[in-house]
Amino acid sequence: MSKPRIVGLLGGIASGKSLAAAQLVKLGAGLLDADAAGHEVLKRDDVRQAIRLRWGDVVFDTAGHVVRPALARLVFADSPQGRADLAHLEKITHPLIGELLQARAAEMAAAGVPLIVLDAPVMLKAGWDKLCDKIVFIDAPRDQRLARAKTRGWTEAEFAAREARQEPVDEKRRRADFVVENSHSPEGMNSQISRLWPQLVG
């Protein structure tokens, strides 16, 4: 059996990458969720120890688990210290997340899935695009993406700060092999993905 392609999803914050991933899974793809892998990595004893050495008890609950919102407030602070903190956290977690993603991809390939989709907001920054055979960019206007982010409880300042820590949206689009429009309805996006499926599977 031939090795399945890995297709990476790029897009701005709240562009609809998770919805696109869900549609690809519905069509038969296996999902590599970098955020979920990141949650797993934060449970590792060695990672928690490294985080405690840097930030102390302020980012832990009473059970010794990392409180992700507390950690996010520090690493996404709009300051030189925040940028340094984010770089430090990424140095700790990104290699381990990458290893986990590759292991999961191997498991899916062995299970015979026809396509593997990688949903990773910092794919380019972390270098995980090197795992991908094709990249799909999910396109949506900034005002729509901001509105979606606000429904998740984000402020405009938080949205801007998070997006500033990722590659520019235009750069993500430039790196893509395919573009899917998500400025209207989820149904419209899903139809585009369904039409694109044969080209992705190869």
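Each value in this text was obtained by applying a stated rule to the coordinates, not by laboratory testing. In this text, all values refer to a predicted model and were calculated from it rather than measured experimentally. We place every Cβ from the backbone using ideal geometry, glycine too, and count neighbours over all the protein chains shown.
Across the range 3-10, in residue order, what do the Karplus-derived ³J(HN,Hα) couplings come to in whole Hz, using 6.51 cos²θ - 1.76 cosθ + 1.60 with θ = phi - 60° and x for Gly and Pro?
With coefficients 6.51, -1.76 and 1.60, one gets 5, x, 5, 10, 10, x, 10, 10 Hz.
Suppose we keep just the DSSP beta bridges with both residues in the chain; what percent of those would be antiparallel, to 5?
5
Cβ neighbours within 10 Å, averaged per peptide: list 141-147, 5-11, 130-136 in order, most packed at the top.
Numbers: 141-147: 15.0, 5-11: 25.1, 130-136: 18.3.
So the order, starting with the most tightly packed, is 5-11, 130-136, 141-147.
I'd like the distance separating the alpha-carbon centroids of the range 81-99 and the range 124-141, in whole Å.
Cα centroid of the range 81-99 versus Cα centroid of the range 124-141: 19 Å apart.
Could you give the dipole magnitude of the range 5-201 about its Cα centre, charging the beta-carbon of Lys and Arg +1 and that of Asp and Glu -1, in debye to the nearest 20?
Values: 28 positive and 26 negative charges, 14 e Å.
Its charge dipole is roughly 60 debye.
Taking R0 as 30 Å, what's the FRET efficiency between residue 183 and residue 87 from their Cβ-Cβ distance, rounded to 0.05?
Computed FRET efficiency for residue 183 and residue 87 comes out at 0.35.
Return a single number: how many Lys pairs in the range 1-94, at a sequence separation of 8 or more or on separate chains, have alpha-carbon atoms below 28 angstrom apart.
6
When the helix-only estimate is applied to the chain (DSSP H runs of n ≥ 4, each -39,500 (n - 2.57), divided by the residue count), what is the mean residue ellipticity at 222 nm, nearest 500 deg cm²/dmol? Walk me through the numbers on the way to the answer.
Values: 10 runs with 116 residues, N = 202.
Theoretical 222 nm ellipticity from helices: -17500 deg cm²/dmol.
Taking volume of the Cα convex hull per residue in Å³ straight from the coordinates, which label in [x] 136; [y] 115; [z] 125 is the correct one?
Correct label is [z].
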